[in-house]
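Encoded as structure tokens, the structure appears first; notes follow it.
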Amino acid sequence: MNDFSKMKEQFSYILNSRRMPHAVLIEGADAKKRREVADFLSKGAVCSGDFRPCEICKNCIKAKANSHPDIYTPKLSGKTNIINVESVRELIKDSSIIPNEADTKVFVLYDVDKCMPEISQNAFLKVLEEPPQSTLFILTAENSKKMLSTILSRVQVFSLDNKNEIDEEVDALAQEVVEGILALSEDKLLFATAKLNNRVLFKEVLKRVCEYLRQGLSYSVGVKNESDIAYSIAKKLTKQRIIGLIELSSKAILKADRNVNMALLCTWLCGEYRRISWQR
Ligand SMILES: [Zn+2]
């Protein structure tokens, strides 16, 4: 999966786990991708569907048509197309008014490293320091290093060009699942699989689990690699069992797409992993 679709998946994970920060900065070299991810996120933030963005609710439809009253983009002014201090002040004033139709009011500021002079960034800082309830600020930039550090310290930066926090979370959870599979008692696996209660996270983690299992499989057929986890898999499980676990994980990813109850799916997965890894 490329960084672009990965970031979209990550954002739908954040949107659906209701862990959206007040301000995010999407950084990346590709202007079109930056904009597309920002628009995806603003749509998800106003969406009133169950799985955000649902693409079908009235909020999503208005967002797609660029006509949602709660998604606001400051106008650019002057020959150089900048967001001037007046626009920032207007934005700050507007941010204190509650949203019209959605639960969140979204402010999208594209390419702030180019469009926002220091004086505007300083004016904008005020609202980042004390963000009003139910607002989301989405900023994009080609290079965040060109921005004020005071702004950067108040936004969560997502880079389209490299690994980020969510990636690390997926990695950590996948390792926990594998360790659970290899553990003697069931508790560890039960605990790890219960954390996969989010559909997007579930799929991402299981894809990573499959990668680990494949590494383990190649280890057991003599392809040495540096990974400790691959060594543990090869040492504790037969090839047959590893293959069974890979097949099961792929099956579980397909199941997750079929709108099943996630809590039940996690419990089922735990039981099946145990059955394959420990059956006599
Ligand atoms: Zn929607």
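The values are calculated or read from the model by the stated rules, or taken from the named source; none is laboratory data. The shown structure was predicted, so the numbers you read here are calculated from the model rather than taken from an experiment. No Cβ is skipped: glycine too gets one built from the backbone with ideal geometry, and neighbour counts run over all protein chains shown. All accessible areas refer to the heavy atoms of the entire protein, side chains included, with ligands and DNA or RNA removed. Shrake-Rupley method; radii C 1.70, N 1.55, O 1.52, S 1.80 Å.
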* To do: Would you confirm whether any residue within the range 165-172 is farther than 24 Å from CYS266 by Cα and either surrounded by 15 or more Cβ atoms within 10 Å (Cβ to Cβ) or at pLDDT below 95 (or both)?
  => no
* To do: Read through the list (1) surrounded by 15 or more Cβ atoms within 10 Å (Cβ to Cβ); (2) on the phi < 0 side of the Ramachandran plot; (3) without any contact (Cβ under 8 Å) to a residue 60 or more places away in the chain; (4) not aromatic (Phe, Trp, Tyr), then give the number of the only condition that THR150 fails.
  => (1)
* Within the range 144-227, which helices (runs of 4 or more DSSP H) (wholly inside it) include 2 or more residues that are of a type in the set (A, V, I, L, M, F, W, C) and closer than 30 Å to CYS115 by Cα? -> 149-152
* To do: Name, by its number, the condition in (1) away from the ligand (no atom under 16 Å from the Cβ); (2) over 30 Å from LEU206 (Cβ atoms); (3) open to solvent by 40 Å² or more (accessible area, probe 1.4 Å); (4) acidic (Asp, Glu) that does not hold for ASP113.
  => (3)
* Structure fact -> Listed by first then second residue, the pairs whose first member lies in the range 87-115 and is part of a loop (DSSP other than H, G, I, E, B), whose partner is aliphatic (A, V, I, L, M), with beta carbons under 7 Å and at least 6 positions apart or on separate chains, are ALA102/VAL46; THR104/ALA45; THR104/VAL46; THR104/LEU136; TYR110/ALA38; ASP111/ALA141
* Taking into account only those residues within the range 67-98 that are at pLDDT below 95 and farther than 22 Å from LEU128 by Cβ, which is surrounded by the most Cβ atoms within 10 Å (Cβ to Cβ)? -> ASN81
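Considering each residue of the range 31-54, count those that are within 16 Å of the ligand (Cβ to nearest atom) and either in contact (Cβ under 8 Å) with a residue 12 or more places away in the chain or buried (at least 22 other Cβ atoms within 10 Å of the Cβ) (or both), and give that number.
Count: 13.
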* Asked: If we keep just the residues of the range 1-30 that are modelled with pLDDT of 85 or more and among the small types (Gly, Ala, Ser), which is surrounded by the most Cβ atoms within 10 Å (Cβ to Cβ)?
  -> GLY28
